[in-house]
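The values are calculated or read from the model by the stated rules, or taken from the named source; none is laboratory data. Quick caveat, the model's predicted, so the values are computed rather than measured. Cβ placement follows ideal geometry from the backbone for every residue including glycine, while neighbour counts extend to all protein chains displayed.
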Amino acid sequence: MKSLALENLSKTYFDPYRGTQHTAIKDVSLKVDEGDFVAVVGPSGCGKSTILNMIAGFVPTSGGRIMVGGREVRGPGPDRGVVFQSFALFPWKTVAENVTFGPKMRGASKEERAKIAEEYLALAGLSHAADRYPNELSGGMQQRVGVVRALANNPDVLLMDEPFASVDAQTRMTLQEELTKIWEERRPTVIFITHDVSEAVFLANKVVVLSKGHVLEEVDIPLKRPRVWDDLVEDEAFKTLSNHVLQLVRRA
């Protein structure tokens, strides 16, 4: 895993109907240390997903640069894994085949892929589902497969774009707790996009609040780990931090 740095990042779009430029991101600088977990929140349209897509290399920057481990991002690459809101699994492949797709594309042998599948499915509590197909899994299980599939490719940075938004509230809390366990064991460098303030505070070491394309505030989250919802739901520090972030988002 490696550090991530955004340096004076900007993104503008040309509106052909109005003949004007629209600024989506303006002079954003952010440093994410190796193995850190950073959540990004803000109102709709503030630029959260635009920043993630630029880090992933899907969208070119208009100014500034993005550095991963000291190397500038110039397009998509295996050093950045992405987990989307949709499960995006291959329906014709088994769970194990989905998880090992990236390693297979890199040339990993059948034996290596079998070890990777065993390791990462155990990490997500999915060993029993290795030979199942996505349509045989619940939504929560499918999203867990999506997370470990990204991790199995051993990226330097894991990018997560509202990955739990499409599941029910109870499943979402379970997935949040499982993600914290996976992060504590593997310590990937994570950028996590969400609209949910409580989710951001529960998961992250730092919450970045965006407002109209720029960073409004970076909020450190010093809550102890491991984190479990039953312990934090009435925790005063958690409630104070969540309220502070919520007020920032409402001002953004």
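Sort through GLU218, GLU177 and tell me the only one that's surrounded by fewer than 19 Cβ atoms within 10 Å (Cβ to Cβ), touching a residue at least 12 places away in the same chain (Cβ under 8 Å), within 30 Å of THR12 (Cβ to Cβ) and more than 13 Å from the chain's Cα centre (by Cα).
GLU218
Would you mind stating whether ASP33 is in contact with a Ser or Thr (Cβ under 8 Å, 6 or more places away or on another chain) and either at pLDDT 90 or above or among the charged types (D, E, K, R) (or both)?
yes
Select from segment 62-105 the residues that are charged (D, E, K, R) and surrounded by 13 or more Cβ atoms within 10 Å (Cβ to Cβ) and write down the one among them that is farthest from LEU137 (Cα to Cα). Break it down into steps so the answer makes sense when it comes.
Of all residues in segment 62-105, those charged (D, E, K, R) come to 65, 71-72, 74, 79-80, 93, 97, 104.
Subsequent filtering for residues that are surrounded by 13 or more Cβ atoms within 10 Å (Cβ to Cβ) retains 65, 79-80, 93, 97, 104.
Details: ARG65: 40, ASP79: 28, ARG80: 26, LYS93: 13, GLU97: 15, LYS104: 23 Å.
Of everything passing the filter in segment 62-105, ARG65 is farthest from LEU137 (Cα to Cα).
Could you say which residue among ALA122, ALA200, ALA169 is more than 22 Å from VAL95 (Cα to Cα) and without any contact (Cβ under 8 Å) to a residue 12 or more places away in the chain?
Residue meeting the stated conditions: ALA169.
Looking at segment 107-115, is at least one residue farther than 25 Å from TRP229 by Cβ, in contact (Cβ under 8 Å) with a residue 24 or more places away in the chain and surrounded by fewer than 21 Cβ atoms within 10 Å (Cβ to Cβ)?
So the first thing to find is which residues in segment 107-115 are farther than 25 Å from TRP229 by Cβ, and the list is 107-115.
Right, trim to in contact (Cβ under 8 Å) with a residue 24 or more places away in the chain and you get none.
There is no residue in segment 107-115 that is farther than 25 Å from TRP229 by Cβ, in contact (Cβ under 8 Å) with a residue 24 or more places away in the chain and surrounded by fewer than 21 Cβ atoms within 10 Å (Cβ to Cβ).
Residues to consider are VAL32, VAL59; find the one that is within 21 Å of PHE202 (Cβ to Cβ) and either surrounded by 13 or more Cβ atoms within 10 Å (Cβ to Cβ) or in contact (Cβ under 8 Å) with a residue 12 or more places away in the chain (or both).
Residue meeting the stated conditions: VAL32.
Given GLU34, GLU7, which one is in a loop (DSSP other than H, G, I, E, B), of a type outside the set (S, T, N, Q) and within 24 Å of PRO188 (Cα to Cα)?
Checking each option against the conditions leaves just GLU34.
Between GLY69, GLY81, GLY63, GLY19, which is more than 30 Å from ASP131 (Cβ to Cβ) and within 18 Å of the chain's Cα centre (by Cα)?
After applying the criteria, what remains is GLY69.
Any residue in segment 1-18 that is over 17 Å from MET67 (Cβ atoms) sitting within a Cβ distance under 7 Å of a residue that is modelled with pLDDT of 85 or more and in a strand (DSSP E or B)? List the pairs, counting only those 6 or more apart or interchain.
Note: pairs meeting the criteria are THR12/THR23; THR12/ALA24; TYR13/ALA24.
Filter segment 224-252 for residues that are in contact (Cβ under 8 Å) with a residue 12 or more places away in the chain, in a helix (DSSP H, G or I) and under 23 Å from the mean Cα position of the chain (by Cα) and give the result.
TRP229, LEU232, PHE238, LEU241, SER242, HIS244, VAL245, LEU246, LEU248, VAL249
Of the residues that sit in segment 180-215 and are charged (D, E, K, R) and under 14 Å from the mean Cα position of the chain (by Cα), which one is surrounded by the fewest Cβ atoms within 10 Å (Cβ to Cβ)?
Among residues in segment 180-215 that are charged (D, E, K, R) and under 14 Å from the mean Cα position of the chain (by Cα), the one surrounded by the fewest Cβ atoms within 10 Å (Cβ to Cβ) is ARG187.
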